[in-house]
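In what follows, a structure is listed as structure tokens, so that the remarks can point back to it.
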Amino acid sequence: MTAYLSRRFAGMAIVMLMVAAIVFVIARVVPGDPAAVMLGSNATPADVAALRTQLGLDRPLPVQFVLYIRDILSFDLGNSIFLNRPVVDAMLDRAELTSWLTGMSIAIAITIGVPVGVLAAVRRGTLLDQAVTAISMLAASLPSFWVGLTLIEYFAVRLGWFPVAGYGNPGAGLGERLHHLVLPAIALGLPNSALIIRFTRTSMLDVLHEDYVRTARAKGLGPGAVIIKHAFRNALIPVLTVIGLTIAALIGGAIVTETVFGLPGVGNLIVSAVLRRDYPVIQGALLIISGLYVLINMAVDLLYAVVDPRVRY
């Protein structure tokens, strides 16, 4: 296990270095000058040039990249150009909202996806199975922003059950804040549950006709014990894989959902940084999200050994 973890962390370091290089290039390829954006349309070229020098944007790109990598290695993601504060602090202030939104969304996706996928596999070929397959394909094709706008129209505007946007007043309690996140979590979790349904169904179908499942039935075990204890447990590894991918996708999907619902989370911060050409925030946020993605994949791989004792590293 120690050797395996060493290889994985070494691979993670290489991946993150590549991500840092790609993010650095992309952030500077996007048209626009942050100095000009900060000073406005009335600024003179001399003012813009002076601010570029102050921000270090007048240096050659290779020099900027070397300094950027040096700061990353010292765990310093720099200061936001517009917020005038460390990028890490700016993200931590908004991490609570995004964490709750992502957690609620994955809970919705798993709660819908796994049981429905198992049920569709058990009822293979029936009208229920066909309906689940059709609905899951439809849900997978729906963009989260459209789902969000539809939910706002019916459940917020017409029925008034949930707030239209925002995260509550500054002094609001946890219950009120979570109430604001119900519709965004559904908009984000519902389309992603479709992928879990399809993978769960496929994985269950692969094991339902195995010899050990037929043997369990021949011994007189009840349908519930056969499905849960023998079939689902052996079908769990592919399901864990798709859940890990879904969690990673939800982190990225939160950017769109937070924009639709006006939530002051990490996703909203990234969108604002892109519009303002705030390089440190763009680079730091994407680097952290990429790191979370890699860590989630490694955690899922380690869970394989817990679920299936036959898996060895």
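Things to note:
- The chain - percent relative contact order, Cα under 8 Å, separation 6 or more: 27
- Per-pair calculated FRET efficiency, R0 = 25 Å: residue 233 and residue 301 via Cβ, rounded to 0.05: 0.85
- Whole-Hz ³J(HN,Hα) from phi, Karplus 6.51 cos²θ - 1.76 cosθ + 1.60, for the range 266-278, glycine and proline x: 5, x, 5, 4, 5, 4, 4, 5, 5, 5, 8, 6, 7
- Intensity falloff of the range 53-104 expressed as log10 I(q)/I(0), Debye formula with alpha-carbon point scatterers, at q = 0.24 Å⁻¹: -0.96
- Per residue value of the accessible surface for the chain (all protein chains in place, 1.4 Å probe), Å²: 53
- Contact order normalised by residue count of the range 96-207, Cα under 8 Å, 6+ apart, percent: 50
- Helix-only [θ]222 nm of the chain, DSSP H runs n ≥ 4, -39500 (n - 2.57) each, per residue, nearest 500: -24500 deg cm²/dmol
- Ordering 127, 265, 178 by the projection of their Cα atoms onto the charge dipole of the chain, which places +1 on the Cβ of Lys and Arg and -1 on the Cβ of Asp and Glu, puts 127 at the extreme positive end.
- Label-to-label distance, residue 49 versus residue 178, with points set 7 angstrom from Cα along the beta-carbon direction: 5.8 nm.
- Of all accessible heavy-atom area on the range 252-313, the percent that carbon and sulfur account for (1.4 Å): 70
- Angstrom value of the Kirkwood radius, inverse mean 1/r, which spans all Cα pairs in the range 189-313: 17.2
- Short-range pairs are left out: with C-alpha atoms under 8 Å and at least six residues apart, the relative contact order of the range 172-252 is 39 percent.
- Each label point was placed 7 Å from the Cα along the Cα-to-Cβ direction; for residue 209 and residue 150 their separation is 3.4 nm.
- Proximal charge balance of residue 129 [Cβ under 9 Å; K/R count +1, D/E count -1]: +3
- Taking the accessible area of the range 93-226, probe 1.4 Å, and keeping the other protein chains in place, the carbon and sulfur fraction comes to 66%.
- HN-Hα J in Hz across the range 152-164 - Karplus 6.51, -1.76, 1.60, θ = phi - 60°, x for Gly and Pro: 4, 4, 8, 8, 9, 7, 6, 8, x, 6, 10, x, 6
- Rh by Kirkwood over Cα pairs, then Stokes-Einstein D for the chain at 1.567 mPa s and 4 °C, µm²/s: 58
- Restricting the range 46-136 to trypsin sites (Lys or Arg not before Pro) that sit in a DSSP loop and have at most 15 other Cβ atoms within 10 Å of their own Cβ leaves 123, 124.
- Nearest-0.05 FRET efficiency for residue 141 and residue 219, computed from C-beta distance (R0 51 Å): 0.75
- Taking the charge dipole of the chain about its Cα centre, with +1 at Lys and Arg Cβ atoms and -1 at Asp and Glu Cβ atoms, the residue from 5, 298, 205 reaching farthest to the positive side is 205.
- Summing Lys and Arg as +1 and Asp and Glu as -1 over all other residues whose Cβ lies under 15 Å from the Cβ of residue 242 gives a net charge of 0.
- Kirkwood-Stokes translational diffusion coefficient of the range 60-152, alpha-carbon pairs, 10 °C, 1.306 mPa s, µm²/s: 89
- One decimal place: the segment residue 5-residue 165 gains 53.3 nm when fully extended, by the rule 0.36 nm per residue minus the C-alpha distance.
- Nearest 10 degrees, 0 to 90: helix 87-122 Cα axis against the chain principal axis: 20
- Centre-to-centre, using Cα atoms only, the range 250-305 and the range 116-132 are separated by 35 Å.
- Placing +1 on the Cβ of every Lys and Arg and -1 on the Cβ of every Asp and Glu, with no other charges, gives the range 118-234 a dipole of roughly 420 debye about its Cα centre.
- Helix axis angle, 174-208 relative to the chain longest principal axis, alpha carbon, degrees: 50
- For residue 79, the residues whose amide H sits under 5 Å from its own are 87, ignoring neighbours fewer than 5 places away on the same chain, with H placed 1.01 Å from N.
- Principal-axis tilt of helix 2-29 within the chain, Cα atoms, nearest 10 degrees: 50
The values are calculated or read from the model by the stated rules, or taken from the named source; none is laboratory data. What you are looking at is a predicted structure, and each value in this text was computed from that prediction instead of being measured. A quick note on method: Cβ atoms are made from the backbone with ideal geometry, for glycine too, and the neighbour counts reach across all protein chains shown. Please note that ligands, DNA and RNA were not included when accessible areas were found on the heavy atoms of the full protein model with its side chains. Shrake-Rupley method; radii C 1.70, N 1.55, O 1.52, S 1.80 Å.
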